[in-house]
Amino acid sequence: MCYDDTARPPFPPIAGGAGGVVTRDLVLTAADGNRFAAFSAVHPSEGGPGIVILPDVRGLHAFYQDLAVRFAEAGVHATAFDYFGRTAGVGPRDDDFDYMPHVQGTKPDTIAQDVAAAVAHVRSAEGGAAKAVFTVGFCFGGRNSFNQAAGEHGLSGVIGFYGRVAEPGPGNGNASIVLAERYRCPVLGLFGGADPAIPPKDVDAFRRALDAAGVKNEIVSYAGAPHSFFDRTFAQYAEECDDAWSRILRFIQANG
């Protein structure tokens with residue numbers, strides 16, 4: 001698990017409220033008929049960039065809803081979605097929800113179908129009519145965000161925090177290091193240098209795989225930062241959070 005219930009994105013709401021941002025709880029439908037929960041935050045100006053947020057192993061929760069609003073306040077229409085519509089439905093879940101069996105039941109192709117539905121929403125008028133769409137993911141979602149670059153979504157770029165790039169993940173997927181040769185858009189990877197789950201050799205191997213494939217990339221490892229450092233409650237990593245957020249917005253601007 002990346003973020004518990006106390007975690008929040010590093011940036012508080014803008015002064016004076018959400019600046020016209022419209023938020024909605026959604027139920028989206030994938031191509032295979034799966035109905036899944038999502039949350040959208042839309043900037044009042046149509047067009048411009050949009051982003052689909054892939055959460056950590058717990059699925060959609062408050063951290064990612066707040067993050068969607070932060071993106072929209074920055075002018076990026078955002079939709080965060082839940083992975084577990086096929087196995088857990090779309091209803092509310094209590095604190096005792098055992099997410100790991102549902103994580104193990106995911107498959108790369110069904111996650112890609114859900115991403116496609118979320119991308120379609122961001123491109124719709126209701127979702128902001130985004131002209132350029134990106135993904136961003138965290139941990140389990142980080143790896144899955146990276147790997148959407150090999151899909152058919154027409155993405156302008158993919159962003160991942162602390163994705164385990166050397167592991168294939170559930171459902172017989174490919175490790176990001178292996179799949180990198182099929183990536184079709186730029187990559188921004190953000191890692192904690194002190195994350196025991198993702199050793200520096202894996203981050204370096206990912207960078208080398210992207211370079212070998214000719215994929216435009218920016219891979220950043222923050223020395224001393226742990227897994228899940230992108231969290232307002234981790235005040236000691238405020239500088240790293242500020243830098244990561246700035247890099248994300250520059251990446252979107254440069255590739256949108």
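Can you find, within region 158-188, the residue that is surrounded by the fewest Cβ atoms within 10 Å (Cβ to Cβ) among those that are on the phi > 0 side of the Ramachandran plot and under 18 Å from the mean Cα position of the chain (by Cα)? Checked region 158-188; the qualifying residue surrounded by the fewest Cβ atoms within 10 Å (Cβ to Cβ) is Gly169. Within region 41-59, restricting attention to residues that are over 19 Å from Gly154 (Cβ atoms) and in a strand (DSSP E or B), the residue that is nearest to the chain's Cα centre (by Cα) is Ala41. Of the strands (runs of 3 or more DSSP E) contained entirely in region 155-256, those carrying at least 3 residues that are without any contact (Cβ under 8 Å) to a residue 60 or more places away in the chain and not hydrophobic (A, V, I, L, M, F, W, C) fall at 217-222. Restricting attention to region 150-189, the residues that are at pLDDT 95 or above, among the small types (Gly, Ala, Ser) and touching a Pro at 6+ places or on another chain (Cβ under 8 Å) add up to 3.
Taking the criterion of being surrounded by fewer than 24 Cβ atoms within 10 Å (Cβ to Cβ) and touching a helix residue (DSSP H, G or I) at 6+ places or on another chain (Cβ under 7 Å), the only residue of region 58-83 that qualifies is Ala74. For region 232-246, the count of residues that are surrounded by 14 or more Cβ atoms within 10 Å (Cβ to Cβ), within 17 Å of Ser145 (Cβ to Cβ), within 17 Å of the chain's Cα centre (by Cα) and not charged (D, E, K, R) is nonzero.
Pull up region 123-137, narrow it to residues that are crowded, with 24+ Cβ neighbours inside 10 Å and among the hydrophobic types (A, V, I, L, M, F, W, C), then point me to the one that is nearest to Asp82 (Cα to Cα). Full working, then the answer.
At the first step, the residues of region 123-137 found to be crowded, with 24+ Cβ neighbours inside 10 Å are 127-128, 130, 133-137.
Filter again for among the hydrophobic types (A, V, I, L, M, F, W, C), leaving 130, 133-134, 136.
Details: Ala130: 21, Val133: 18, Phe134: 17, Val136: 14 Å.
Applying the filter and picking the extreme gives Val136.
For first residues located in region 65-83 and at positive phi and in contact (Cβ under 8 Å) with a residue 24 or more places away in the chain, partners that are among the aromatic types (Phe, Trp, Tyr) and surrounded by fewer than 23 Cβ atoms within 10 Å (Cβ to Cβ) and lie 6+ apart or on another chain with Cβ distances below 7 Å do not occur. It is to be established whether one or more residues within region 101-111 are of a type in the set (Ser, Thr, Tyr) and at pLDDT 95 or above. Yes; the residues of region 101-111 include at least one that is of a type in the set (Ser, Thr, Tyr) and at pLDDT 95 or above. If you check Arg123, Arg184 for being charged (D, E, K, R) and in contact with a Lys or Arg (Cβ under 9 Å, 6 or more places away or on another chain), only one passes: Arg123.
Under the condition of being closer than 18 Å to Ala31 by Cβ, in a helix (DSSP H, G or I), among the polar types (S, T, N, Q) and within 19 Å of the chain's Cα centre (by Cα), the residues counted in region 83-131 number 2. Based on what the data block shows, is Ser176 touching a helix residue (DSSP H, G or I) at 6+ places or on another chain (Cβ under 7 Å), within 22 Å of Gly151 (Cβ to Cβ) and of a type in the set (Ser, Thr, Tyr)? Considered against the rule, which asks whether it is touching a helix residue (DSSP H, G or I) at 6+ places or on another chain (Cβ under 7 Å), within 22 Å of Gly151 (Cβ to Cβ) and of a type in the set (Ser, Thr, Tyr), Ser176 comes out as yes.
Restricting the search to region 68-88, which residues are of a type outside the set (Phe, Trp, Tyr) and within 23 Å of His102 (Cα to Cα)?
Taking region 68-88 and keeping what is of a type outside the set (Phe, Trp, Tyr), we get 68-70, 72-80, 82, 85-88.
Answer for region 68-88, where residues must be of a type outside the set (Phe, Trp, Tyr) and within 23 Å of His102 (Cα to Cα): Thr79, Ala80, Asp82, Gly85, Arg86, Thr87, Ala88.
Applying a threshold of 6 Å to beta carbon distances and a minimum spacing of six or more residues, or different chains, the list of pairs starting in region 37-64 at a residue that is more than 16 Å from Cys139 (Cα to Cα) and ending at one that is surrounded by fewer than 24 Cβ atoms within 10 Å (Cβ to Cβ) and of a type in the set (Lys, Arg) reads Ser40/Arg24; Gly47/Lys131.
The values are calculated or read from the model by the stated rules, or taken from the named source; none is laboratory data. Model, not experiment: these values are computed from the prediction. Positions of Cβ are generated from backbone atoms using ideal geometry, with glycine treated the same way; all protein chains shown enter the neighbour counts.
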